[in-house]
Amino acid sequence: MGGKGVMMVAILCLWALSATSEAVVTEAEPGLMMNFYKDTCPQAEDIIREQVKLLYKRHKNTAFSWLRNIFHDCAVESCDASLLLDSTRRELGEKEHDRSFGLRNFRYIEEIKEALERECPGVVSCSDILVLSAREGIEAVGGPHIPLKTGRRDGLKSRTDMLESYLPDHNESISVVLEKFKSIGIDAPGLVALLGSHSVGRTHCVKLVHRLYPEVDPSLNPEHVPHMLHKCPDSIPDPKAVQYVRNDRGTPMVLDNNYYRNILDNKGLLLVDHQLAHDKRTRPIVKKMAKDQAYFFKEFTRAIQILSENNPLTGSKGEIRKQCNLANKIH
């Protein structure tokens, strides 16, 4: 073959490789994007918004549930609604684990799913419902509007055996908590902002009696202790009883920066709250957020966005569940 022939073969090979590469790029599965359902279910986000508002009007505490759901689901390996799956004969579901104590109102996720199924069957994933309901719940309690991408698909299994590896515990050191958040891309300001969600809701006595009995933790503000003892009179509280302390007595139903002022004043209920206010790595951030709510909201928004995009299933991965508590194969 002459020189021109060799040159022509080389050019054709390069062209073929280029065409193949373009085809791969063109055929790549879509990831998360804003307004993912604009063509397949244009009313999806409006339906979720209206359902959350309706449920919040009937049951105020649902807002706190939405907020806890996104944290407990998305922080554990993937933002894929594995939290919502029921236990099976072979495996215990995540929501049954000790770390998930106090999680509730999953039935309301099913109500939203049913409303979406009536509008566009088999289109909207439970993981997107979980994420978008958290966004609406945050707004319902006075938090910022957070633009969130959609396009997640649902996982097939619950990941109970991995839960402790990913999900921080309120009794762990601040170093461990920082490291676990860092593993999913959330830095110290993001961690401090996310824990600002303790501004709303309540903490069951089971989670804090170790700071009251057999002796009161000396780091607690002595002015706050009588209230805690009144709300938690038993050293071994019944986990099924309604015994709890409001996280923030000043503005218990508002997501605001009052939480940071409380923990600087040693009124944090959980050990992680106390550590956050006094560890040298997080105390400066706590002090800044206590003074500047706009800064708190900015970092909170960023952290929720990172959390919601943690290792999602997209494209052909996972499935769109018919019911949020059951994988489709179980039907």
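Could you tell me which numbered condition Leu271 fails, if it satisfies all but one of (1) assigned by the TED database to the domain that holds Ile174; (2) of a type outside the set (Phe, Trp, Tyr); (3) at pLDDT 95 or above?
Among (1) assigned by the TED database to the domain that holds Ile174; (2) of a type outside the set (Phe, Trp, Tyr); (3) at pLDDT 95 or above, the lone unmet condition for Leu271 is (3).
Restricting to the range 116-138, count the residues that are surrounded by fewer than 18 Cβ atoms within 10 Å (Cβ to Cβ) and at negative phi. Before you say what the answer is, go through the steps one by one.
The initial filter retains those residues of the range 116-138 that are surrounded by fewer than 18 Cβ atoms within 10 Å (Cβ to Cβ), namely 117-123.
Restricting the remaining residues to those that are at negative phi gives 117-121, 123.
The qualifying residues number 6.
Working only within the range 310-324, note down all residues that are buried (at least 19 other Cβ atoms within 10 Å of the Cβ) and either in contact with a helix residue (DSSP H, G or I) (Cβ under 6 Å, 6 or more places away or on another chain) or outside any loop (DSSP other than H, G, I, E, B) (or both).
Matches in the range 310-324: Asn310, Leu313, Arg321, Cys324.
Taking the condition assigned to a helix (DSSP H, G or I), in the same structural domain as Glu179 (by the TED database), within 30 Å of Val123 (Cα to Cα) and open to solvent by 30 Å² or more (accessible area, probe 1.4 Å), does Arg302 pass?
Values: assigned to a helix (DSSP H, G or I): yes; in the same structural domain as Glu179 (by the TED database): yes; within 30 Å of Val123 (Cα to Cα): yes; open to solvent by 30 Å² or more (accessible area, probe 1.4 Å): yes.
Yes, satisfied.
Identify, by number, the condition in (1) closer than 22 Å to Leu167 by Cα; (2) in a helix (DSSP H, G or I) that Ala294 doesn't meet.
(1)
Which condition does Val176 not pass, out of (1) open to solvent by 40 Å² or more (accessible area, probe 1.4 Å); (2) touching a residue at least 24 places away in the same chain (Cβ under 8 Å), if it passes all the others?
Of the numbered conditions (1) open to solvent by 40 Å² or more (accessible area, probe 1.4 Å); (2) touching a residue at least 24 places away in the same chain (Cβ under 8 Å), the odd one out for Val176 is (2).
Only residues that are without any contact (Cβ under 8 Å) to a residue 40 or more places away in the chain and either of a type outside the set (A, V, I, L, M) or in contact with a Pro (Cβ under 9 Å, 6 or more places away or on another chain) (or both): list them for the range 254-277, please. Quick ask: steps written out before the conclusion?
Quick first cut of the range 254-277, residues without any contact (Cβ under 8 Å) to a residue 40 or more places away in the chain only: 261-264, 277.
Of everything in the range 254-277, those that are without any contact (Cβ under 8 Å) to a residue 40 or more places away in the chain and either of a type outside the set (A, V, I, L, M) or in contact with a Pro (Cβ under 9 Å, 6 or more places away or on another chain) (or both) turn out to be Arg261, Asn262.
Report the residue count in the range 147-172 for those that are at pLDDT 90 or above and either assigned to a helix (DSSP H, G or I) or open to solvent by 30 Å² or more (accessible area, probe 1.4 Å) (or both).
Result for the range 147-172: 4.
Any residue in the range 26-33 that is in contact with a Gly (Cβ under 7 Å, 6 or more places away or on another chain) and either buried (at least 17 other Cβ atoms within 10 Å of the Cβ) or part of a helix (DSSP H, G or I) (or both)? So that I can check it myself, show each step before the final result.
We begin by selecting, within the range 26-33, every residue in contact with a Gly (Cβ under 7 Å, 6 or more places away or on another chain); these are 29-33.
After this cut, where a residue has to be either buried (at least 17 other Cβ atoms within 10 Å of the Cβ) or part of a helix (DSSP H, G or I) (or both) as well, the list is 32.
Scanning the range 26-33 turns up at least one residue that is in contact with a Gly (Cβ under 7 Å, 6 or more places away or on another chain) and either buried (at least 17 other Cβ atoms within 10 Å of the Cβ) or part of a helix (DSSP H, G or I) (or both).
Counting just the residues of the range 183-200 that are on the phi < 0 side of the Ramachandran plot and not in a helix (DSSP H, G or I), which one comes out surrounded by the fewest Cβ atoms within 10 Å (Cβ to Cβ)? Steps first, please.
Step one: of the range 183-200, the residues on the phi < 0 side of the Ramachandran plot are 183-184, 186-200.
Going one step further and asking which of them are not in a helix (DSSP H, G or I), we end up with 183-184, 186-187, 200.
Numbers: Ser183: 12, Ile184: 18, Ile186: 22, Asp187: 16, Val200: 26.
Across the range 183-200, the extreme among qualifying residues is Ser183.
Just to be sure, is Val206 farther than 17 Å from Arg283 by Cα and outside the structural domain of Ile138 (by the TED database)?
Working: farther than 17 Å from Arg283 by Cα: yes; outside the structural domain of Ile138 (by the TED database): yes.
Yes: the conditions hold for Val206.
Consider only pairs whose beta carbons are under 6 Å apart and that are at least six residues apart or on different chains; among these, list those whose first residue lies in the range 71-83 and is of a type in the set (Gly, Ala, Ser) and whose second residue is in a loop (DSSP other than H, G, I, E, B).
Short answer, once both residue conditions are applied: Ala75/Leu167; Ser78/Asn311; Ser82/Gly155; Ser82/Ser158; Ser82/Arg159.
Sort out which residues of the range 73-96 are assigned to a helix (DSSP H, G or I) and open to solvent by less than 10 Å² (accessible area, probe 1.4 Å), and write them in order of number.
Step one: filter the range 73-96 for residues assigned to a helix (DSSP H, G or I), giving 73-74, 82-84, 94-96.
If the condition is that a residue be assigned to a helix (DSSP H, G or I) and open to solvent by less than 10 Å² (accessible area, probe 1.4 Å), then Asp73, Cys74, Ser82, Leu83, Leu84, Glu94 are the ones that fit.
Quickly run through the range 207-243 and pick out the residues that are aliphatic (A, V, I, L, M) and within 30 Å of the chain's Cα centre (by Cα).
Answer for the range 207-243, where residues must be aliphatic (A, V, I, L, M) and within 30 Å of the chain's Cα centre (by Cα): Leu208, Val209, Leu212, Leu220, Met228, Ile236, Ala241, Val242.
Just give me the residues in the range 212-266 being of a type in the set (Phe, Trp, Tyr) and buried (at least 19 other Cβ atoms within 10 Å of the Cβ), in sequence order. Please lay out each step first, then the result.
Here is the first cut: in the range 212-266, the ones of a type in the set (Phe, Trp, Tyr) are 213, 244, 259-260.
Correct list: Tyr244, Tyr259, Tyr260.
Of these, Phe64, Phe101, which one is surrounded by fewer than 24 Cβ atoms within 10 Å (Cβ to Cβ), aromatic (Phe, Trp, Tyr) and at pLDDT below 80? Write out each step before concluding.
Values: Phe64 fails: at pLDDT below 80.
Matching residue, one of Phe64, Phe101: Phe101.
The values are calculated or read from the model by the stated rules, or taken from the named source; none is laboratory data. These figures come from a predicted structure and were not determined experimentally. Every residue, glycine as well, gets a Cβ built from its backbone with ideal geometry; the counts of neighbours run over all protein chains shown. Areas reflect the complete protein model, heavy atoms only, side chains present, ligands, DNA and RNA absent. Shrake-Rupley method; radii C 1.70, N 1.55, O 1.52, S 1.80 Å.
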